[in-house]
Each structure stands twice: as C-alpha cells, then as structure tokens.
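Everything below concerns the one structure shown next.
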Amino acid sequence: MRQPIIACAFAAALILSAMPAPAQDAAPGSKDVTGLWLVKKKDVVVEIKPCAKNAETLCGHIAWLDPHAKLQVDALNPDVRLRDRPLCGIRVMWDMRADPAEAGVYDGEIYKANNGTTYSARIHRNAEGKLELRGYLGVPLFGKTAFLTPVAEGSYPLCIQRKARARKP
C-alpha cells in the first residue's frame, strides 16, 4: 500500500520540478508596490519607494523618460515657475498611505504631467503582478485606471542616477 503513494508523490515532484518558476518581479500574490514601473505608453518609468521625509508613506518619481517623448519639461504645470524644469526626476506620486482595511492598497496623490493636474489616487498590485493605479477627482467612481508593468533594474538608463553622477565633483 505504501509503494503507490510514494510513486505518486515522486511523479508529482518530477512534474513540478519541470515547470518553469514564476518571474521574481511578478511573484504570485505579492502585494509589494515598490520598485520600477513602466507606463502603458512605454515612455516613462516611475520608481516607487518610501518617501524620504516619511518612510511610512510611498512616493514615486520619474526615473526614466523616453528621449523622444513629446514632453521633456513640465510645460503644463499650473505653477508658471516650474514649467521649465525637466520631467525626469520629478515627484509624481506622494503621501501614498497603506489602507488599514485592505492589505497592499495605498491611497495618496499623483501628478499627471501631460495635463498639469493633481489627482487623488489608489494603487495596488493586481493578481497579474501589474500595478493598478486609479486616479480620480472627488470619488474613485469618477476616475480612470492605468496599469503599469514592473521592470527590472538596469532595463532602462535611469535619469535619476545620471543626475546624481552629474552633481558629484
């Protein structure tokens, strides 16, 4: 009676070991939203990490911008003084706080440079491993959802790193 059970367990182990492992950056069930995220148009990578002034919240900055993108500076910013600043490196997400009622969900603010508007936002990592970002004015019902794809470090030449190197003496 023991031999058939052992044979079944051995066969199952062989089958499972032959299956490819899931990608590390899209681990099933992962709720982590930090890291590098490529927008749908594939012209911007946003880096999400704990905010410098408050590690309990998350912030996002443009870490890579396609050199051929239509906007290279913050030309549509409502603050006229900021319209000449380069988009690469600017903060586009801030005060993202964990929702105490839903694990892996964060609420905060986002800035959309292609129209110069700030929105309330809700983010979480969906079952496919993508970042689901809902931007809205007032209530989430009247918003729009975008899906960002995780990218590995080194996939894009990060402008934040270029800026840091340029500042060093």
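Summary of values
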quantity	calculated
Percent of alpha-carbon pairs separated by more than 21 Å within the range 46-123	32 percent
³J(HN,Hα), Karplus 6.51/-1.76/1.60, whole Hz, each residue of the range 130-137, x for Gly, Pro	8, 8, 9, 10, 10, x, 7, 10
Entries of Lys53/Lys130; Lys41/Lys144; Lys42/Lys112; Lys42/Lys70; Lys49/Lys70; Lys70/Lys130 with Cα pairs more than 22 Å apart	Lys53/Lys130; Lys49/Lys70; Lys70/Lys130
Table column - 3J(HN,Hα) (Hz), the range 147-154, Karplus curve with 6.51, -1.76, 1.60, x for Gly and Pro	10, 10, 9, x, 10, 7, 4, x
Inter-site label distance for Val139 and Ala127 at 7 Å from Cα along Cβ, in nm	2.7 nm
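Here, each number is a calculation from the coordinates, and none is a lab measurement. The structure presented is a predicted model; accordingly, all values stated were derived computationally and were not measured. Virtual Cβ from ideal backbone geometry, glycine too; neighbours counted across all protein chains shown.
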